[in-house]
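Each remark here refers to the structure printed beneath this line.
The values are calculated or read from the model by the stated rules, or taken from the named source; none is laboratory data. Worth saying up front: this structure is predicted, and the values here are computed from it rather than measured. Using ideal geometry, Cβ is built from the backbone for each residue, glycine included, and neighbour counts are taken over all protein chains shown. When the accessible area is computed, the model is the full protein with side chains, heavy atoms only, and any ligands, DNA or RNA have been set aside. Shrake-Rupley method; radii C 1.70, N 1.55, O 1.52, S 1.80 Å.
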Amino acid sequence: MSSPVSMPPKRHAAAAGAPVAAPALPDADDRTRDRVLSAVLEVGPVSAAELGDLLGFTPAAVRRHLDHLERTGVIEVKRVAKAGSGAGRPARRYVLSSRGQSKLGDDYLNIASSALRRLQELAGEDAVREYAEERFSDMERRYAPEVEAAGDDITARAAALSRALSRDGFVASAHSIEAKAPLPAALSSVQLCQGHCPIQRLAAEFPVFCDTETKVFSRLVGVDVRRLSTLAQGGHVCTTHIPTGRLAATVPTGAEEQSVSPYQESNNQQERP
């Protein structure tokens, strides 16, 4: 008689009444990356070291997650010049990309856009402009003491404005451009750049937000400034030209404002460093 065949362990069927295994929990790495992504949204632009301190991660761990999020396109690196560091290497700061904003959801922008369209329909463009002015009045009120503390030097005031913008997540920097002979010194300037805009989509539909911000910059630094490019209009950065080699000009307001839009600039001025 042949030997009985050995049966494999009963793994092919669960016994009647046996508890069903619980679904697998999300991978720990995924949960950690979500925390990193949320932190970048809340406090960006932020460095890897700052994120590590905030979340309690080792430098190696936080950089691993940042590298993954950067590869998938939900965050991006902005290089920001360190204040007072001279010509040193710009610091790496992480911000949410457009794709990252979509991943986390931007329903609030859709709601805001819909509300502004309705406001424009019911009350006209002036009502939208008044709303934009009210929104940016808070920025002007908060920034004014810091910019005033920089004194009368336009370059110093522009640098103070850049620092204030960076704290609010605009990834700003201010680059001095000295006029070289035979050009007159009066052509010297600062170019204020903003690498991130939290209302980029909204400003693309309603350019009055960019117009109003530009006027606020003029009043803060004390000279008439000119917008060369904006993220909302397809630029790589928002760039504002601030002249530093001439006397401060009176910034027009109300009925005295020029009707020419700051976007009516020559294409060859876009993306200047």
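Apart from one condition, residue 214 fits all of (1) polar (S, T, N, Q); (2) crowded, with 23+ Cβ neighbours inside 10 Å; (3) within 30 Å of residue 125 (Cβ to Cβ); the exception is (2). For region 33-70, which residues satisfy the criterion of being assigned to a loop (DSSP other than H, G, I, E, B) and more than 12 Å from residue 94 (Cβ to Cβ)? Residues satisfying the conditions are 56, 57, 58. Considering (1) within 20 Å of residue 207 (Cα to Cα); (2) modelled with pLDDT of 90 or more, the lone condition that residue 112 does not fulfil carries the number (2). Filtered by the rule that a residue be open to solvent by 30 Å² or more (accessible area, probe 1.4 Å) and either of a type outside the set (A, V, I, L, M) or within 12 Å of residue 100 (Cα to Cα) (or both), region 31-54 gives 31, 32, 33, 34, 35, 38, 41, 42, 50, 53.
For (1) open to solvent by 30 Å² or more (accessible area, probe 1.4 Å); (2) closer than 21 Å to residue 193 by Cα; (3) modelled with pLDDT under 85; (4) within 21 Å of the chain's Cα centre (by Cα), each residue gets a yes or a no:
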residue	(1), (2), (3), (4)
60	yes, no, no, no
66	no, no, no, yes
69	no, no, no, yes
94	no, yes, no, yes
104	yes, no, yes, yes
108	yes, no, yes, yes
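Only one of the numbered conditions (1) assigned to a loop (DSSP other than H, G, I, E, B); (2) modelled with pLDDT of 95 or more is not met by residue 147, and that is (1).
Is it true that some residue in region 19-27 is within 45 Å of the chain's Cα centre (by Cα) and either modelled with pLDDT of 70 or more or acidic (Asp, Glu) (or both)? The answer is yes, given that some residue of region 19-27 is within 45 Å of the chain's Cα centre (by Cα) and either modelled with pLDDT of 70 or more or acidic (Asp, Glu) (or both).
Within the option set 174, 179, being at pLDDT 85 or above and either open to solvent by less than 60 Å² (accessible area, probe 1.4 Å) or under 27 Å from residue 94 (Cβ atoms) (or both) holds for one residue only, 174.
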